[in-house]
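I have placed the structure first, in the form of structure tokens, so that the comments after it can refer back to it.
We did not get these values from a lab; they are worked out from the coordinates using the rules stated. Since the structure is predicted, the reported quantities are computational estimates derived from the model, not experimental observations. Counting neighbours? That spans all protein chains shown, and the Cβs are built from the backbone with ideal geometry, glycine included.
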Amino acid sequence: MDVTVTVNGTTYERDVEPRKLLIHLLRDDLDLTGSHIGCDTGNCGACSVILDGTLVKSCMLLAVQANGASIETVEGLSEGEELTALQQAFNEHHALQCGYCTPGMLMSATALLRENPSPSEDEIKKALQGNICRCTGYWNIFEAVKSVAK
Amino acid sequence: MLLREVEYAKPGSVAEAFELLASNDGARALAGGQTLINVMKARAASPDMLVDLNGLEELRGIELAGDGTLTIGAMTTYSELMSSAEAKARPILGEVCATIADVQVRNRGTIGGNLCSNDPTNHLPPLMVAVGARMTIAGAGGEREVPAEEFFLGVYLTAVGPGELLTRIAIPAGKKDGFAAVTLGAEGTCICNAAASVNGGVRVALGCVDAVPVLVTADGPEAVADAVRGANLMPPSDVHASSEYRIHLSEVLATRAAEEAAAR
């Protein structure tokens, strides 16, 4: 089936099988490998992307379902070498170790801050509930998000 | 993971969805996909065709009638139920939806999908039974209304027949509701849950203890534990809880849910 998606402002047209998951379209067909596949069961959140303004896990969505949609992935956050305030805060607060969960964490935190620029600590924790990190113990991630909250 | 080959159809109307479901033996409705896509990865379900209900406006939306009845389209997401001003007329709805999984799942997962999958560990089947919801099931031949107590027929099985869809859920006015659960991690899968509603007496619906929610009634919260004991539950044992422990949890959670409901 023909699928047209706009990812980080660039429009792509691809012929995909209906069984293809959105994460595979992004990674395999569009070569946007920033979004990761962690668990492939909808638990870990490493594949989180923003689809038409809504945070979703791209392993639980068919690529054909995204036809016509506008998608934001971690590659779209920075302007060239210029990191977003949130990315910079992850750097400064050592909010990652292996980095595998980071693309999903960044997308979830980005979605949170757009909706709620001044989240409480509890709201940050709740917003990142769908993203699992096995390295940091989460603390530095919360600190990073808190530091850019208004 | 690569799914088994599957056809995909995106109907432009509910009538077209009925037609697609009725004329393709292996067709299955795709709601939010937060369960179905995963069980397809595991090959626990292998539909030949997915009929995508996303985009059917007829199945969305929350309406509040003058008598306080809420009518909720089956494709309404948990996030929409949490943020809807109308849904606050029955506050327990948004409160329970806020404890389902995580933001991403709540943004896609739907009330209709939760009810139609009827996994015994789901949150919403017992809640719908406790509040006395009425389900509208529609197909090419017309529609019928089924009370929640008669909607759930077995594990993963509901009164929605081949070629039919759950289209909307009607919930009567009320505020005195409660919900209690023991879960795998905060807001994870339920090991045992109970939904309660007080309207004169107490209605408690227990989840995770049988193939369908078990309805128990009592005169007041203090009588709920005895009523649960009287229901002679025989829940399954699994790695998370033995049958005996689930019976114990049912009494405790039913009482907590009933006390919460009565205190409102």
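See the values below:
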read-out	value
Whole-Å distance, taken between Cα centres, linking the stretch B:228-245 and the stretch A:1-40	45
Inter-chain Cβ neighbour average for residues A:118-131, partner chain, 10 Å	2
Length-normalised contact order for chain A - Cα pairs under 8 Å, 6+ apart - percent	25
Most mobile listed residue (A:Gly130, A:Gly68, A:Gly104) in chain A, GNM with C-alpha springs under 10 Å	A:Gly68
Efficiency of FRET from Cβ geometry, B:Arg28 and B:Ala65, R₀ 35 Å, rounded to 0.05	0.65
Peptides B:241-252, B:198-209 ordered by average Cβ neighbours within 10 Å, highest first	B:198-209, B:241-252
Axial C-alpha extent at least 27 Å, average Kyte-Doolittle at least -0.5 - helices from chain B (DSSP)	B:243-262
For chain A: rounded, prolate or oblate by the Cα gyration tensor [a/c cutoff 1.5]	prolate
Relative contact order [Cα under 8 Å, 6+ residues apart], the stretch B:157-264, whole percent	31
Distant-in-sequence amide H partners of B:Tyr8 (H built 1.01 Å from N, under 5 Å)	B:Leu50
Number of partner chain Cβ atoms within 10 Å, mean per residue of B:8-14	2
Residue-wise HN-Hα coupling along the stretch A:49-58, computed from phi with Karplus coefficients 6.51, -1.76, 1.60 (Hz; x: Gly, Pro)	9, 9, 10, 6, x, 10, 6, 9, 9, 6
Amide H contacts of B:Arg168 (H built 1.01 Å from N, under 5 Å, at least 5 apart or other chain)	B:Ala74, B:Thr136
Whichever lysines have a C-alpha closer than 18 Å to that of B:Lys10, once near sequence neighbours (fewer than 8 apart) are set aside	A:Lys20
For the stretch B:102-117, 3J(HN,Hα) per residue [Karplus equation, 6.51 cos²θ - 1.76 cosθ + 1.60, θ = phi - 60°, Hz, x = Gly/Pro]	8, 3, 4, 5, 5, 6, 10, x, 10, 4, x, x, 4, 6, 6, 6
Amide H contacts under 5 Å for B:Thr183, placed H, 5+ residues apart	B:Ile191
Whole-Hz ³J(HN,Hα) from phi, Karplus 6.51 cos²θ - 1.76 cosθ + 1.60, for the stretch A:85-94, glycine and proline x	4, 5, 4, 4, 5, 4, 4, 5, 9, 6
Loop-located GluC sites (Glu not before Pro) in the stretch A:40-104, at most 14 other Cβ atoms within 10 Å (DSSP)	A:Glu81
The stretch B:210-264, relative contact order [Cα under 8 Å, separation at least 6], %	37
Distance between modelled label sites at B:Glu57 and B:Asp238, nm, 7 Å Cα→Cβ extension	4.0
Largest-first ellipsoid semi-axes for the stretch B:7-51, taking √(5λ) over the Cα gyration tensor eigenvalues, angstrom	20, 11, 7
Neighbouring partner chain Cβ atoms per residue of B:108-117, average, 10 Å criterion	1
